[in-house]
Amino acid sequence: MEKLEAKAKLHRIYAGPGKDYRVIYQIQDENLLVLVVRVGDRKDVYRRVK
């Protein structure tokens with residue numbers, strides 16, 4: 001788990017063969033919820049992450 005520099009509430013993990021994919025997610029402790037924001041190829045996944 002690694003926090004994204006630009007977005008304090010978002011984290012990322014590497015996934016897939018060769019770790020070519022990223023999963024961007026948010027942890028909401030107060031709701032006991034992990035919200036997957038975006039999954040995609042590493043060259044495209046960070047575009048338009050809000």
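Database remark: amide H of L4 closer than 5 angstrom to the amide H of L10, H11, R12 (H placed geometrically; neighbours at sequence offset of 5 or more, or on other chains; Pro and chain starts carry no H). Extension gain, Y46 to E2, is 14.5 nm, computed as 0.36 nm per intervening residue step minus the present C-alpha separation.
Read-outs: derived from the displayed coordinates by stated rules, not from any lab. Just so we're clear, the structure is a prediction, and the values are computed from it rather than from any experiment.
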